[in-house]
1. Among the residues of the stretch 50-57, is there at least one that is within 26 Å of Gly321 (Cα to Cα), touching an Asp or Glu at 6+ places or on another chain (Cβ under 9 Å) and modelled with pLDDT of 95 or more?
2. Please give the number of the condition Leu30 fails out of (1) in contact (Cβ under 8 Å) with a residue 60 or more places away in the chain; (2) among the hydrophobic types (A, V, I, L, M, F, W, C); (3) surrounded by fewer than 17 Cβ atoms within 10 Å (Cβ to Cβ).
3. What single numbered condition from (1) in a loop (DSSP other than H, G, I, E, B); (2) modelled with pLDDT of 95 or more fails to hold for Pro101?
4. Quick check on my filter: what residues within the stretch 1-23 are more than 16 Å from Gly66 (Cβ to Cβ), surrounded by 15 or more Cβ atoms within 10 Å (Cβ to Cβ) and more than 12 Å from ligand 1 (Cβ to nearest atom)?
5. Which ones in the stretch 37-86 are surrounded by 21 or more Cβ atoms within 10 Å (Cβ to Cβ) and on the phi > 0 side of the Ramachandran plot?
6. Report, ordered by the first and then the second residue, all pairs with beta carbons closer than 8 Å, sequence separation of six or more or different chains, a first member in the stretch 112-125 that is in contact (Cβ under 8 Å) with a residue 24 or more places away in the chain and more than 12 Å from Glu59 (Cβ to Cβ), and a second member that is part of a helix (DSSP H, G or I) and aromatic (Phe, Trp, Tyr).
7. Determine if the stretch 100-107 includes at least one residue that is buried (at least 22 other Cβ atoms within 10 Å of the Cβ) and within 16 Å of ligand 2 (Cβ to nearest atom).
8. Would you check which residues across the stretch 327-359 are in a loop (DSSP other than H, G, I, E, B) and closer than 18 Å to Ser29 by Cβ and list them?
Amino acid sequence: KETRLRVVLRVRPLTCTETRRGDRRVVHSLGDGTIHVNAARHNATFGFSAVFDAGSSQEAVFEGSGMRQLVELAIDGFSCTVFAFGQTGSGKTYTLMGPLPQSETQPAAPGLLGLMQRSFTCLLEQSRSRGSDLALSASYLEIYNEQVRDLLRPGPPCALPLRWSKTRGFYVENQLNVDFESLEAIADLLLQGSQRRRTSAHALNRHSSRSHALLTIHVRSQAVSTHPAPVGEHHPHPTLVPQPSACPSKQGTLCFVDLAGSERVKETGSSGELSVEANNINRSLLALGHCISLLAKPRGKRMHIPYRDSKLTQLLARSLGGSGITLMVACISPSSHCLSETLNTLHYASRARRVTTRP
Ligand code: ADP
Ligand code: MG
């Protein structure tokens with residue numbers, strides 16, 4: 001059955017800088033999944049599956065976005081993806097991972113943990129309640145200047161080849177896939193990988209991510225019979241008890257995509273190396289936007305989808321157009337200062353709502 005992309009919107013609070021500058025709030029949640037933008041010549045309303053305003057907690061976003069269901073679907077063997085989209089400084093990384101830890105010894109408060117950590121907790125709880133039949137592993141990649149790099153591999157970053165095969169679709173060759181069994185282990189992998197991620201100081205955000213990052217959790221549920229183990233005296237004919245192979249094994253994935261900022265180059269004061277980065281980011285987000293526009297057309301009227309235009313669209317091909325289940329979290333600032341980028345994000349996200357997949 002066809003399923004629509006689920007698109008939710010998160011509005012972050014005004015930052016201290018924005019408040020000090022005297023920025024006006026131009027975005028207002030009207031409840032019921034609608035948002036109203038009111039500024040200068042703009043007066044528009046947009047609808048989403050859910051809207052989280054500045055007062056929403058991280059937990060509310062986890063529960064209200066459908067993230068918990070996505071985790072459960074991954075355990076059931078589906079390919080699930082959540083991606084955070086929006087301009088630099090709009091709260092993408094905060095939504096996915098929570099605030100940056102203040103220091104090595106002082107991790108973020110549990111209430112501020114993001115969608116990723118909450119999903120890990122949920123996965124490991126499920127894993128424990130199901131006995132030992134869930135095998136979990138993680139890979140973590142970034143796309144920087146159109147190169148795919150492994151964030152879990154120690155040593156200097158090196159580019160990995162992206163290939164295509166009939167059975168696997170697009171895949172990255174030689175990427176590390178690390179098994180984990182505890183919350184501490186996966187939190188550690190996330191931290192190590194995030195520290196390797198390419199970031200640059202930027203006019204809009206001091207810790208701006210200049211790459212797209214994709215953390216994928218592979219969930220394998222092994223073939224174990226759901227029937228209780230036979231007990232001799234109750235089963236005089238043990239051969240009649242279903243064998244474990246009666247229940248097929250499932251392989252699902254849960255992929256978290258933290259996209260680099262969507263803003264245009266001129267607004268960030270980027271030059272030199274930074275502008276090469278910005279152009280690559282813009283190009284891949286443009287390719288993503290183009291694929292989304294084409295995918296948003298009814299299936300019968302669809303043309304060829306140019307996934308090959310960027311590394312990002314190749315890696316997201318399955319989640320966007322194929323058999324995946326996808327949640328998009330569009331992030332915006334409420335400030336009058338960000339109005340044009342906010343409208344861009346809202347239009348982009350509204351278009352994404354029309355995309356369908358066949359899980
Ligand atoms: P992005 O990843 O989109 O560039 P960040 O997630 O780094 O943006 O957020 C920019 C700044 O705003 C950070 O200092 C972050 O802590 C803060 N911030 C973002 N979203 C929220 C929120 N919902 N509540 C409080 N602070 C937030
Ligand atoms: Mg970020």
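The values are calculated or read from the model by the stated rules, or taken from the named source; none is laboratory data. Bear in mind that the values here come from a model prediction, so they are computed numbers and not experimental data. Cβ placement follows ideal geometry from the backbone for every residue including glycine, while neighbour counts extend to all protein chains displayed.
1. Checked against the condition, which is being within 26 Å of Gly321 (Cα to Cα), touching an Asp or Glu at 6+ places or on another chain (Cβ under 9 Å) and modelled with pLDDT of 95 or more, the stretch 50-57 yields at least one hit.
2. Leu30 satisfies all of (1) in contact (Cβ under 8 Å) with a residue 60 or more places away in the chain; (2) among the hydrophobic types (A, V, I, L, M, F, W, C); (3) surrounded by fewer than 17 Cβ atoms within 10 Å (Cβ to Cβ) except (1).
3. (2)
4. Asp23
5. Gly86
6. Close Cβ pairs (under 8 Å, with a partner that is part of a helix (DSSP H, G or I) and aromatic (Phe, Trp, Tyr)) amount to Ser119/Phe62.
7. No.
8. Ser333, Pro334, Arg353
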